[in-house]
Structures are given as structure tokens and as C-alpha cells.
Ligand SMILES: *Cc1c(COP(=O)(O)O)cnc(C)c1O
């Protein structure tokens, strides 16, 4: 195969594009919010919360400072704390475990399945007398089998809090991620499918009591009249970020559609390669609607492939720095989860974002094919 003379330059994630893709509208919004002096708990945040709740069809949405706070506040409102165990998937961001840790409970990481989502059998096996909650991560924009997890939770009287940081708009049997449990949490970190120009997060719930608790807790324990009625902290979503997210939410369905198109190109171009395992394609399973926060593949000779692509101008990412939660020995975990460990060693994220052209995705696929054609000596 012949390589074209000009190498592509495709970063794993194009941060400036979060701004430049909507630049004139965002400048308008920043000017408007600034001139109104509307910085904290203002109408743009109210509007964003209303629209977000409507988008996923829940009663309440609450904007908070980031996705990690969102999880911690939700766990706290569900009265999970000291002495409790919470089961999570080891293949998640450390933030999921940290939120559990910071409400005083103990995070219990378990195996994922071949779909890279929490393995329901492993959840069931990890339940003890101290288990109070399951915290599934709706990873890479795909929703877990919430019917099976719901049945386990019901059998053992456990609360479900979803870490849906990567899954806004993702659906399982037509129902949105973040709406299956007592609460669901989201992150608007710039590289997320709905990205702000900084940090941001939200909590969704249909439970009015939990909502009131969380509403107060994110703003110094104050109720709607500004009266302090309990302990709280400051974890408000900036009104300016909310105004920015209102712009982004308008284009969100189109962004998701584009991500699904990109996934479909990867699928078509790479599906025959025996050296790779791909995530499910967008049309593979009518029970799932995936939003492709990430396109996580498993690859033979992952590190060599990554270096080959890097040297040819293509950025990729090894998620979570190449470690599952239970492998973070500095946090005190001493555990072996062989399936997850083997998967993590092969896991690679290919570029997946709305700044990619079809040609970029073709270039990436071509380089991957070229790598394995060259590297037959490995096998
Ligand atoms: C991004 C992310 C978080 C944390 O969100 P922040 O807004 O960065 O605090 C938590 N869990 C998962 C799975 C994430 O991808």
C-alpha cells in the first residue's frame, strides 16, 4: 500500500473546535450574560435545567459544578455513607470511585463484560450485607442492560445511581441513560458529547425529596428563600456555562447523528480486521441507541499501533491512563479482575468527535490497515 505524501494531522480531541464550531453564537451569549451581570443561579441555568429535564424526560434536573460532584451529591441524597458498600464497574473513571469514597462509603469495583460495561453477574456476586447501591457507568455513550441491573437491585433492595457522564441521549429500550435509577449524573467537561467551555455537571431525578436535598446541598444548604436549612457546599453550575450549554444543546441531536455516522464508517472499514474488536455499530442492536462518546476498540499490539498512528499524525487515547479503578494501588485497591485487566491492555480510543471529516476517518482506517499489513511479522 502506498502512503500519500502529506500526512494527516488529526488530534485525538480538537479542543478549540468546542469554541470555534459555534463561535459567533457563543460570543453573543458571553456578551449578553456579561452585560446582564448574570453569573450565579440566573435564568440561563433555570432554562438549561428545564431543557435538560425535558430532553431526557425526567421531572428534575440540577446543574452542578462538575460530573464528580454530581455523583457525590446524588449518593449523599440517597443517604449512602459510612459503613456502606457501593458496587461499580472497574472500567470507569476514578471519579466514580472517588464520589463513593467522599461520601464515606466503600467502592467495590467489579468486572466488565465483553461490551465493556459492568457485568451483571459480577455485580450479583459482589453483593454483601453491606451493599447499598450499584453505580453503573454508561460507558462510551452506551447504556447498560438496565433491566437485568434493575432486577438485581430489586432483589437485594439496592439503590441505583447511574454515572451517565458519557451518555447524554443514549437509550436502552427507548429510555434515556440517567433515568433508570434514583438519580443519574452527567458531565459537561469540554470533551464530553455535550461539552461546555470549562467544567460542568448535572443530576437528574424523578424523586422530589432527593431533588430538594440536592438543590439545597449545591448552594450552601440554602432553600429557595435563601434560608440555610442544612449543611451544604458550593457546587453550582456557572450561569455562563449554562448559557453556553443552551447553545450547544440546540445542536445536540445533530452532533449525536454525526457521531453515529463516524461510528458507522469505522465499522464498515474495520469490521473485517481480525486484529481488532470493535464496539457495536449504531444499527447493530435495536435495544440500544448509542451516542458514541468514545469509539473504544481492542487491538492486537495496541502500543505499537498507537505509536505508528502517532508518528503519522493521528492521535489516540488509552482511556484512564491504561488502568482500571481496581489497579490504582495508590488508592488502596488490592484486587485482581482478570477479564478487565486483559481488556484494558488491548483497549484504545480512536478519534471520535464532530470536528472529524469523513476523509479524516478514512485516513485513520487506512493507517490502521497499513499498520497490520506491515506488521505481519508480529503474528
Ligand atoms: C468525565 C467523567 C466523569 C467525571 O466528570 P467531571 O465533570 O470531569 O468531574 C465521571 N465518570 C465518567 C465515566 C466520566 O467519563
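What follows draws every value from the coordinates through simple rules; no lab data is involved. This structure is a prediction, so every number in the text was calculated from the model and none was measured. With ideal geometry, Cβ positions are generated from the backbone for all residues, glycine too; neighbour counts draw on all protein chains shown.
Of note:
- Checked against the criterion of being closer than 17 Å to residue 184 by Cα and within 16 Å of the ligand (Cβ to nearest atom), the candidates 64, 110 yield just one match: 64.
- Tally of residues being under 16 Å from residue 78 (Cβ atoms) and either within 11 Å of the ligand (Cβ to nearest atom) or assigned to a loop (DSSP other than H, G, I, E, B) (or both) across region 188-231: 4
- Applying the condition of being under 25 Å from residue 184 (Cβ atoms) and out of contact with any helix residue (DSSP H, G or I) (no Cβ under 9 Å at 6 or more places or on another chain) to region 23-55 and asking which residue is surrounded by the fewest Cβ atoms within 10 Å (Cβ to Cβ) yields 54.
- Residue in region 156-169 that is free of Cβ contacts under 8 Å to residues at least 12 places away in the same chain, more than 10 Å from the ligand (Cβ to nearest atom) and on the phi > 0 side of the Ramachandran plot present: yes
- Scanning region 114-145 for residues that are within 16 Å of the ligand (Cβ to nearest atom) and surrounded by fewer than 21 Cβ atoms within 10 Å (Cβ to Cβ) gives a single hit, 115.
- Residue 185 outside any loop (DSSP other than H, G, I, E, B), touching a residue at least 60 places away in the same chain (Cβ under 8 Å) and touching a strand residue (DSSP E or B) at 6+ places or on another chain (Cβ under 9 Å): yes
- Residue count, region 56-73 (criterion: over 16 Å from the mean Cα position of the chain (by Cα), more than 15 Å from residue 238 (Cβ to Cβ) and crowded, with 24+ Cβ neighbours inside 10 Å): 1
- From the options 309, 240, residue that is over 26 Å from residue 362 (Cβ atoms), buried (at least 16 other Cβ atoms within 10 Å of the Cβ) and more than 21 Å from the chain's Cα centre (by Cα): 240
- Of all positions in region 346-357, at least one carries a residue that is farther than 20 Å from residue 142 by Cα and touching a residue at least 60 places away in the same chain (Cβ under 8 Å).
- The set of residues in region 70-94 that are over 21 Å from residue 176 (Cβ atoms) and near the ligand (Cβ under 10 Å from one of its atoms) comprises 72, 91, 94.
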